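Colleague: This is the structure, below, for whatever I ask next.
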Amino acid sequence: MLERIYRLLSSLKGGTMIPTEIVLNPQSYAKIVSELADTLGYEGISHLQLTHHLALTVSIQHENTDIIVLKEVSPNPCPVCHRRLTFLRETIDRFESDDANQVRCPMGHRYPGELKVYYLSIFQDSALGEKEKPIKVCPECGGEHIQYLGADVMFCLDCDWDSGMEARYRLRRDR
Ligand SMILES: [Zn+2]
Ligand SMILES: [Zn+2]
């Protein structure tokens, strides 16, 4: 199970989505803790150690579990200069704590944006052969950096296009 999580987290690297939290049920939590203890050769792993190891908030729930929560601000790249946003985690934090719903790009442009939150299942199969990847070029920007998270879950590393991944909620205060 840890392997799957590592693989999902590493396939998100370089994309516009940032993993922020992992939600587990008590059984999968126990499994991960024991896998990590085996890997590290420790007797027991505290909640804090697990959190640090994954660099994610770890929550235990009974419903909607075994997911990684992803966030992204959109649009990305910047609509003015077409540069990709940098320091995504900070940009998202700032966006969430700011009432103006303005995204700030690396060049200092400010534009209205929205925050999207996705739930990514840990157990969907992320290991795919080349022939199972029907899309190789991004329909939005024409880039060739398509990252697959599952057979029909994919996103572009260069822009905020994705395969219709359904945002669980969006933050955009209309006024
Ligand atoms: Zn810009
Ligand atoms: Zn693209």
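Colleague: Taking the stated definitions as given, is Ala100 modelled with pLDDT under 95 and under 15 Å from the mean Cα position of the chain (by Cα)? Steps first, answer last, please.
Modeller: Values: modelled with pLDDT under 95: yes; under 15 Å from the mean Cα position of the chain (by Cα): no.
Spelling it out, it is not the case that Ala100 is modelled with pLDDT under 95 and under 15 Å from the mean Cα position of the chain (by Cα).
Colleague: Testing Asn64 on (1) under 30 Å from Trp161 (Cα atoms); (2) modelled with pLDDT of 90 or more; (3) loosely packed, with under 14 Cβ neighbours inside 10 Å, one condition comes back false. Which one is that?
Modeller: Answer for Asn64: the failing condition is (2).
Colleague: Among the listed residues Gly113, Gly108, identify the single one that is away from ligand 2 (no atom under 16 Å from the Cβ) and without any contact (Cβ under 8 Å) to a residue 12 or more places away in the chain. Reasoning before the result, please.
Modeller: Working: Gly113 fails: without any contact (Cβ under 8 Å) to a residue 12 or more places away in the chain.
None of the others qualify; the one that does is Gly108.
Colleague: Let me ask something else about it. Could you grab me the full set of residues in region 84-105 that are touching a strand residue (DSSP E or B) at 6+ places or on another chain (Cβ under 8 Å), away from ligand 2 (no atom under 16 Å from the Cβ) and part of a loop (DSSP other than H, G, I, E, B)?
Modeller: Asn101, Cys105
Colleague: Only one residue in Cys159, Cys138, Cys81 is farther than 30 Å from Tyr29 by Cβ and within 15 Å of the chain's Cα centre (by Cα). Which one? It would help to see each step written out before you state the result.
Modeller: Values: Cys138 fails: within 15 Å of the chain's Cα centre (by Cα); Cys81 fails: within 15 Å of the chain's Cα centre (by Cα).
That would be Cys159, the only listed residue that is farther than 30 Å from Tyr29 by Cβ and within 15 Å of the chain's Cα centre (by Cα).
The values are calculated or read from the model by the stated rules, or taken from the named source; none is laboratory data. This one's a predicted model, so the numbers in the text were calculated from it and none came from an experiment. Note that each Cβ is placed from the backbone with ideal geometry, even for glycine, and that neighbours are counted across all protein chains shown.
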